[in-house]
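Before any comments, here is the structure.
The values are calculated or read from the model by the stated rules, or taken from the named source; none is laboratory data. Quick caveat, the model's predicted, so the values are computed rather than measured. We place every Cβ from the backbone using ideal geometry, glycine too, and count neighbours over all the protein chains shown.
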Amino acid sequence: MSELDRLERFLRTDPRDVGCDEAMAVLHVYVDLVADGEDAAGRCPGVAAHLLACGPCGEDFTGLLAAVTGGERE
Amino acid sequence: MPAQDLDEESSAWLRRLGAAGAGRRVAERDLHARLVRIALAEVRRRAASTPVAGQELDDVAHQAADDAMLAILAKLADFRGESRFTTWAYRFVILEVSAKLGRHYWRHPLVALDAGQWERLPDRFGIDPERHAEAAGVLAEVRRVVEEELTAHQRRIFVAVVVDQVPRDALVAGLGLRKNAVYKVIFDARRKIRRALVAKGYLEEPGGSGDE
């Protein structure tokens, strides 16, 4: 029943998800990997799983990535 | 993630910020100016999702830059070179913007805490219970799990975040909770609801995609 897709996606949890604290503790490292074109999700699957599932941490990731790729990097 | 040798730019920042006298002050001014630019860009990027606007939004950005600057200088010795220095430093200002927008949310809240707007849940998931009897059953089961299987504390958090759409950073600030504690409540509630919906035959058993 496709009408339930959004609910199903919301309810799906990933056991690799490291949670907010651990993801935020290494956010700068993860962002540098992404900015450098490295396989960040492959190297840090628990962080990747968290950033996909947690809206606020995903926003922080997007903001930091924009900061380091948006001309504020020498 | 092992610490790496410092890149040239990071070394230069540490050298300048660790210098004495005028050199250090210039470096601090340079870094602060960058933090202000990033904070202003970040509050504007988030403007559509916060009730904070206008001059107050700019004030949040400047406060975030000031507080981030203090934190960076206080924690300079903690920088281990796992990332570029600037990425490490910018993380402080991004997280400050998040936290400050969460606190400022309650000056102009879009929804009150404990509003309990269950009637809006179908829209939240794009479900039309008028069209499908099964959808109505699913929504009723979600509500039953929330009301019967969660503690009062868990229920309050779930209803605020999922039903009433209170931003998580605002809820963290409003209830004085840790971000991870709120996430854990939602994470556990999602698992409970999913189990209940699978047991009732509304959803299939999770597959092998890394899901539980």
Can you confirm whether A:Leu33 is in contact with an Asp or Glu (Cβ under 8 Å, 6 or more places away or on another chain) and either of a type outside the set (Lys, Arg) or not in a loop (DSSP other than H, G, I, E, B) (or both)?
yes
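Modelled with pLDDT of 95 or more, closer than 24 Å to B:Ile186 by Cβ, at the interface with chain B (Cβ under 7 Å from one of its Cβ atoms) and not in a loop (DSSP other than H, G, I, E, B), is that true of A:Asp60?
Details: modelled with pLDDT of 95 or more: yes; closer than 24 Å to B:Ile186 by Cβ: yes; at the interface with chain B (Cβ under 7 Å from one of its Cβ atoms): yes; not in a loop (DSSP other than H, G, I, E, B): yes.
Considered against the rule, which asks whether it is modelled with pLDDT of 95 or more, closer than 24 Å to B:Ile186 by Cβ, at the interface with chain B (Cβ under 7 Å from one of its Cβ atoms) and not in a loop (DSSP other than H, G, I, E, B), A:Asp60 comes out as yes.
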Can you tell me which residues in the stretch B:14-30 are free of Cβ contacts under 8 Å to residues at least 40 places away in the same chain and either within 20 Å of B:Ser83 (Cβ to Cβ) or surrounded by 13 or more Cβ atoms within 10 Å (Cβ to Cβ) (or both)?
B:Arg15, B:Arg16, B:Ala19, B:Gly23, B:Arg24, B:Ala27, B:Asp30
Do we find that B:Thr86 is surrounded by fewer than 16 Cβ atoms within 10 Å (Cβ to Cβ) and of a type in the set (Val, Ile, Thr) in this structure?
no
Can you name every residue in the stretch A:14-47 that is farther than 19 Å from B:Phe187 by Cβ and among the charged types (D, E, K, R)?
A:Asp32, A:Asp36, A:Glu38, A:Asp39, A:Arg43
Does B:Ala27 count as farther than 30 Å from A:Gly46 by Cα and not in a helix (DSSP H, G or I)?
no
Matching residues in the stretch A:32-54 - criterion: being facing chain B (nearest Cβ under 7 Å) and over 9 Å from the mean Cα position of the chain (by Cα)
A:Asp32
If you go through the stretch A:18-30, how many residues are outside any helix (DSSP H, G or I) and within 7 Å of chain B (Cβ to nearest Cβ)?
1
Result of the Cβ filter at 9 Å on the stretch B:31-56, keeping first residues that are basic (Lys, Arg) and partners that are outside any helix (DSSP H, G or I) and surrounded by 15 or more Cβ atoms within 10 Å (Cβ to Cβ), at least 6 apart or interchain, is B:Arg34/A:Glu72; B:Arg37/A:Glu72; B:Arg46/B:Val52
Go through the stretch B:116-148 and report how many residues are more than 11 Å from every other protein chain (Cβ to nearest Cβ), at positive phi and free of Cβ contacts under 8 Å to residues at least 12 places away in the same chain.
0
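Which ones in the stretch A:63-74 are crowded, with 16+ Cβ neighbours inside 10 Å and at the interface with chain B (Cβ under 9 Å from one of its Cβ atoms)?
Filtering the stretch A:63-74 down to residues crowded, with 16+ Cβ neighbours inside 10 Å leaves A:63-68, A:72.
Selection gives A:Gly63, A:Leu64, A:Ala66, A:Ala67, A:Val68, A:Glu72.
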Could you look through the stretch B:39-56, keep only residues that are outside any helix (DSSP H, G or I) and farther than 20 Å from B:Asp67 by Cβ, and pick out the one that is nearest to the chain's Cα centre (by Cα)?
B:Pro51
Of the numbered conditions (1) closer than 21 Å to A:Tyr30 by Cα; (2) modelled with pLDDT of 95 or more, B:Ala77 satisfies every one except a single condition; which is it?
(2)
Taking the condition of being assigned to a helix (DSSP H, G or I) and under 24 Å from B:Asp67 (Cβ atoms), how many residues in the stretch B:10-22 meet it?
6
